[in-house]
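Undergrad: Attaching a single structure in structure tokens format; questions to follow.
The values are calculated or read from the model by the stated rules, or taken from the named source; none is laboratory data. None of the values given here were measured: they were computed from a predicted structure. Neighbour counts are summed over all protein chains in view; Cβ atoms, including those assigned to glycine, are modelled from backbone coordinates with ideal geometry. All accessible areas refer to the heavy atoms of the entire protein, side chains included, with ligands and DNA or RNA removed. Shrake-Rupley method; radii C 1.70, N 1.55, O 1.52, S 1.80 Å.
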Amino acid sequence: MNSSEMRALARNVVVRVANHDPGWRLAYPVRRLIRAGDRGYQIAADAVWECWMLDPGERWWTALRRWGRPADRCSKLSSGFFGPEEMHRLSFVALDRPEISWSAEGLVQALGRRDHPIAEIARQRLLDPGEHVRIDDVCLAATGSPDAVGFLTSAGILPAGLPARAAYLLLTKQQERFWELDPDQALLTRAYRELPALRPALREEMPWFGDLDPARILRTALAGARKTPAEIAYVTRQMVAGHDWAGLWWFARDLSPIEAVVALRDADPEWQPAGRDGAELYSLLRSTDEHHLRERIEVLAAPRRLVVSGPVLHGAFSADERTIAVTVRSKLLVYDVESADLTTVHDLDDIEPGPVSFEDDRPIVCQLWRHQSPARSTLWRFESGRRTGRALVGWGHALLPGTVDGTTQVALTRRTPGSPSPELMLVRRHGPRATRPPRLAVAPAGSRLCTDPVSRRLAFAGDRLVVAELGRGNQLRCLAVSPHVGERVWQGLCLAGPDRLFSVDRDELVRWEIVDGRLEATGRLPCFYDGIAWVPYRNAVAVHDFTRGVRYLDADTLEPQDQPGELRDSTDVRVLWSAPGGSGSHASGGYREIQVIPASSAALSHLARQPMTDARLATVPHDAAARDRAGPLADLLAANDRYRTSVRSAG
């Protein structure tokens, strides 16, 4: 019997059992179905589970106990009587093996089938839950089931956790027991904060439950936490109805600017918070057009898109972040970031271009001379329409500024084709013609390099990771070394402040921190990313993979940030890089375009999504063009800074 025939037989038996066909007509197909189950057909077991739920006869239960197999949560039976997930949960309740698997929803569903043997199995399990069944979960899942609540009440079963108990008593309308347990509503406030799955049900029930103050409970529970639009609308509606303008102002201060504008839309225009700065901010929030503000935020978050003809090989920002340069085939292209215009094209003589960097606002590019011995490169500088070059020993694999002005560059060069890994070199604009590897306590070699010109630090990765500091002359001082990590295919490095480093290889992303001269791994994320950049205004690293494009991972938790990223449509990405000044400007280059995220604009957009108690315009570098694009957002953030200052001065 093939799979389609088996599915047809199984579905036919379930339908005929549901229609109460006479036993003599069912005898033969039932024997065939049970024999198929004995031979291991899962869909036969799924059908027998449904038959037992429809008709709890001994023949079904005998076969099910013999097999000891739950229903498949992805079953293709499709009888129309039970969903695969529901049947899977009920089958585990019937097997009564919580040490293997159980679910609160399954027990509650079983309790609702009062005349079926599975209800008695569930009741006995709840009377003796053992170490695997969590009564709190069952009680909270039961709040919408009268049968389950009735049994739990008659058996005297309550959640063990006090916040969960308060929520359970409220949702099951046991007012007297609730007020005995939680007269000041502190436990209910904790329940709302700690049990997010119950929030919609709690919001619906609270207005009808005695003398509760729903707005105060939500406002306190969600202080400092991200709020959903439904929660904001709920609290706003309650406070407007109660004319609690001071409470609404306090709540709005814990929202982002756009959320505060919406929350204060119906506030009393005659009411004002204390102080001139508070009154100014209140008036601005009430008068700002919501749609115009949203449009400005979107404009700030949108990347600058630069058209490119061919795949981008390497890219770099100038020191002032107003210019970027990329290599494409045999050309060096220079763009103005503000206007998104291509300003200069430099021909590289059909020689393979290597990495690109900047000395102040002057681009430099390393060209590799293949098929020559000894291996060498030329470092080209472009200034005032002229191109000058100097020899660089070996093939240049990386070139990054070591100082803010870029007059000292750090390079990785491979002296001979057979060398195990590139060596670290320092290249100075006015230094000696030939460069030598700097003196370090560890071998100055690796396959990946990153620098932080502001702190004059650099890091490189080989069989271990090293963080060093650039001193006077051709000197590097080793600051921290990781344990030996073996051979890895490094995909990227980035320094995130003075004492933190992120690395990416083909297996994982690792966060490293300097502790007493050692690099210690403080976080790991199994993954395969092929690019990484530090974005400080988000406290995140931007990473790229080929399937999901660019993502932003929180630097502390390594979890994806729930705010949208600025780089969009980013699956077409070959390289990812950031600005040398540590502002957070970053860019990606693909086959058809370059996307640039200037930190001066994106950081304003990011502030627009933060609570106003945390948003500080003073933390964003001043850029007149970006502030002009921000429009009313810049005015709101500036007024918010003045109000924060006045509150601190008064307090």
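Undergrad: Mind checking the dipole of the chain: about its Cα centre, +1 per Lys or Arg Cβ, -1 per Asp or Glu Cβ, Debye to the nearest 20?
TA: On the way: 83 positive and 83 negative charges, 454 e Å.
Magnitude of the dipole: close to 2180 debye.
Undergrad: Over what distance in Å are the Cα centres of the range 301-368 and the range 110-144 separated?
TA: 66
Undergrad: With each run of n ≥ 4 DSSP H residues scored as -39500 (n - 2.57), what mean residue ellipticity at 222 nm is computed for the chain after dividing by its residue count and rounding to the nearest 500 deg cm²/dmol? Spell out each step's value before the answer.
TA: Values: 22 runs with 230 residues, N = 651.
The per-residue figure over the chain is -10500 deg cm²/dmol.
Undergrad: Which residue, chosen from ALA496, THR236, ILE217, occupies the Cα position most advanced towards the positive end of the dipole of the chain, where the dipole is computed from +1 (Lys, Arg) and -1 (Asp, Glu) charges on Cβ about the Cα centre?
TA: It is ALA496, whose Cα lies furthest towards the positive end.
Undergrad: Same structure, new question: Suppose the Debye formula is applied to equal point scatterers at every Cα of the range 273-408; what is log10 I(q)/I(0) at q = 0.12, 0.18 Å⁻¹?
TA: Reported log10 I(q)/I(0), two decimals: -0.58, -0.98.
Undergrad: Can I get the semi-axes of the range 1-67's equivalent ellipsoid? Compute them from the C-alpha gyration tensor as square roots of 5 times the eigenvalues, in angstrom, largest first.
TA: Numbers: eigenvalues 53, 40, 20 Å².
Listed largest to smallest, the semi-axes of the range 1-67 are 16, 14, 10 Å.
Undergrad: Tell me the relative contact order for the chain as a rounded percent, counting alpha carbon contacts under 8 Å between residues six or more apart.
TA: Details: 1254 pairs, mean separation 54.0, N = 651.
Averaging sequence separation for qualifying contacts and normalising by length gives 8 percent for the chain.
Undergrad: Let me ask another. Would you work out what percent of the accessible area of the chain, with all protein chains in place, is carbon or sulfur (probe 1.4 Å)? Write down the numbers at each step before the final one.
TA: Values: 14720 of 29610 Å².
Using a 1.4 Å probe with all protein chains present, the chain comes out at 50 percent carbon and sulfur.
Undergrad: Here is a follow-up. Just order 227-237, 598-608, 257-267 by mean Cβ neighbour count inside 10 Å, highest at the front, would you?
TA: Details: 227-237: 17.1, 598-608: 25.1, 257-267: 20.8.
The densest-packed peptide leads the list: 598-608, 257-267, 227-237.
Undergrad: Quick one: grab the alpha carbon gyration tensor of the chain, order the square roots of its eigenvalues as a ≥ b ≥ c, and give me rounded if a/c is under 1.5, else prolate or oblate depending on whether a/b is larger than b/c. Let's see the in-between values first.
TA: Details: a/c = 2.63, a/b = 1.54, b/c = 1.71.
Taking the square roots of the gyration eigenvalues as a ≥ b ≥ c, the chain is oblate.
Undergrad: Separate question: For the range 552-563, take each phi angle, set θ = phi - 60°, evaluate the Karplus expression 6.51 cos²θ - 1.76 cosθ + 1.60, and give the result in whole Hz per residue in order, putting x for glycine and proline.
TA: 10, 10, 4, 5, 8, 10, 6, 8, x, 6, 7, 8
Undergrad: Gain in length, ALA274 to VAL15, computed as 0.36 nm per residue apart minus the alpha-carbon separation, to one decimal in nm? Please report the intermediate quantities before stating the final value.
TA: Numbers: separation 259, 0.36 × 259 = 93.24 nm, distance 7.15 nm.
Additional length available on full extension: 86.1 nm.
Undergrad: Taking only Cα atoms, what is the 0 to 90° angle, nearest 10, from helix 58-67's long axis to the longest principal axis of the chain?
TA: In the chain, helix 58-67 runs at an angle near 30 degrees to the longest axis.
Undergrad: Please tell me the relative contact order of the range 312-405 in percent, rounded to the nearest whole number, where contacts are Cα pairs under 8 Å and at least six residues apart. Working shown, then result.
TA: Working: 225 pairs, mean separation 20.4, N = 94.
Relative CO of the range 312-405 lands at 22 percent.
Undergrad: If we restrict to alpha carbons, what Rg and Dmax does the range 216-305 come to, in Å?
TA: Answer for the range 216-305, Rg first and Dmax second: 14.0, 49 Å.
Undergrad: Same structure, new question: Given 0.36 nm per residue, what is the gain on full extension from ASP96 to ALA225 after removing their alpha carbon distance, in nm? Don't jump to the answer; show the numbers that get you there.
TA: Working: separation 129, 0.36 × 129 = 46.44 nm, distance 3.97 nm.
In short, 42.5 nm is gained.
Undergrad: Then there is this: Rounded to the nearest 10 degrees, what's the angle between the helix 84-95 long axis and the longest principal axis of the chain, both from Cα atoms, 0 to 90?
TA: Helix 84-95 and the main axis of the chain meet at about 60 degrees.
Undergrad: Hey, can you grab everything whose amide H is under 5 Å from the amide H of PHE358? Only 5+ residues off in sequence or another chain; H modelled, so Pro and N-termini drop out.
TA: ILE364
Undergrad: Here's something else I'd like to know. For PHE81 and ARG329, calculate 0.36 nm times their separation in residues minus their Cα-Cα distance, and state this gained length in nm to one decimal.
TA: Details: separation 248, 0.36 × 248 = 89.28 nm, distance 6.24 nm.
The PHE81-ARG329 span can extend by a further 83.0 nm.
Undergrad: Excluding same-chain residues fewer than 8 positions from LYS331, which aspartates and glutamates have a Cα within less than 12 Å of its Cα?
TA: Cross-link targets: ASP347, ASP349, ASP350, GLU352.
Undergrad: May I ask you to work out the translational diffusion coefficient for the range 516-640 at 10 °C, viscosity 1.306 mPa s, via Stokes-Einstein with Rh from the Kirkwood sum over Cα pairs, reported in whole µm²/s? Provide the component values of the computation, followed by the final result.
TA: Numbers: Rh = 15.7 Å.
Diffusion coefficient, whole number: 101 µm²/s.
Undergrad: In Å, what Rg and Dmax follow from the Cα atoms of the range 128-252?
TA: My reading of the Cα-based Rg and Dmax gives 15.4, 51 Å.
Undergrad: Could you tell me which of THR343, PRO353, PRO303 has its Cα farthest along the dipole of the range 291-393 towards the positive end, charges placed at Cβ (Lys, Arg +1; Asp, Glu -1), taken about the Cα centre?
TA: Among THR343, PRO353, PRO303, the one farthest towards the positive end of the dipole of the range 291-393 is PRO353.
Undergrad: Give, rounded to the nearest 20 debye, the magnitude of the charge dipole that the range 256-357 has about its Cα centre when Lys and Arg contribute +1 at Cβ and Asp and Glu contribute -1 at Cβ.
TA: Values: 10 positive and 19 negative charges, 33 e Å.
Once rounded to the nearest 20, the dipole reads 160 debye.
Undergrad: Translational D (Stokes-Einstein, µm²/s) of the range 198-265 at 20 °C and 1.002 mPa s when Rh comes from the Kirkwood sum over C-alpha pairs?
TA: Working: Rh = 12.1 Å.
Calculated translational D: 178 µm²/s.
Undergrad: Continuing with the same structure: Which FRET efficiency value, to the nearest 0.05, do you get for HIS243 and ASP115 by plugging their Cβ-Cβ distance into 1/(1 + (r/R0)^6) with R0 = 45 Å?
TA: According to the calculation, E is roughly 0.25.
Undergrad: Can you work out ³J(HN,Hα) from phi for every residue in the range 197-208, in order, using Karplus 6.51 cos²θ - 1.76 cosθ + 1.60 and θ = phi - 60°, giving whole Hz and x for Gly and Pro?
TA: Values per residue, Gly and Pro as x: 5, 8, 4, x, 5, 5, 4, 5, 8, 4, x, 9 Hz.
Undergrad: How large is the charge dipole for the range 1-92, taken about the Cα centre, if only the Cβ atoms of Lys, Arg (+1) and Asp, Glu (-1) carry charge, to the nearest 20 debye? Present the calculation step by step, with values, prior to reporting the outcome.
TA: Working: 15 positive and 10 negative charges, 62 e Å.
The dipole magnitude comes to about 300 debye.
Undergrad: A further question on this structure: Kindly provide the Kirkwood hydrodynamic radius of the range 103-162 in Å, to one decimal, from all pairs of distinct alpha carbon atoms. List each step's numbers first, then the result.
TA: Working: mean 1/r = 0.0891 Å⁻¹.
Final number for the Kirkwood radius of the range 103-162 is 11.2 Å.
Undergrad: Compute the helix-to-body angle for 23-38: its Cα long axis versus the longest principal axis of the chain, expressed 0 to 90° and rounded to tens.
TA: 40
Undergrad: A follow-up question, please. For an R0 of 45 angstrom, estimate the FRET efficiency from the Cβ-Cβ distance between LYS173 and SER287 and round to the nearest 0.05.
TA: The pair LYS173/SER287 has a calculated efficiency of 0.55.
Undergrad: With the other protein chains left in place, how much accessible area per residue, in square angstrom, belongs to the chain at a 1.4 angstrom probe?
TA: Numbers: 29610 Å² over 651 residues.
Solvent-accessible surface per residue comes out at 45 Å².
Undergrad: Which GluC sites (Glu not before Pro) in the range 458-513 sit in a loop by DSSP (not H, G, I, E or B) and have at most 13 other Cβ atoms within 10 Å of their own Cβ? Don't skip to the end; give the middle numbers.
TA: Details: sites: GLU469, GLU487, GLU508, GLU513; in loops: GLU487.
Qualifying residues, ordered by number: GLU487.
Undergrad: Also, I was wondering about something else. Roughly how compact is the range 66-108, stated as its Cα Rg over 2.2 N^0.38 Å to two decimals? The partial results should precede the final answer.
TA: Details: Rg = 10.3 Å, N = 43, 2.2 N^0.38 = 9.2 Å.
Here the answer is 1.12, to two decimals.
Undergrad: Counting Lys +1, Arg +1, Asp -1, Glu -1, what net charge surrounds ARG627 among other residues with beta carbon under 14 Å of its beta carbon? Display every interim value, and only then the final one.
TA: Values: positive: ARG296, ARG629; negative: GLU338, ASP623, ASP628, ASP635, ASP641.
Summing Lys/Arg as +1 and Asp/Glu as -1 gives -3.
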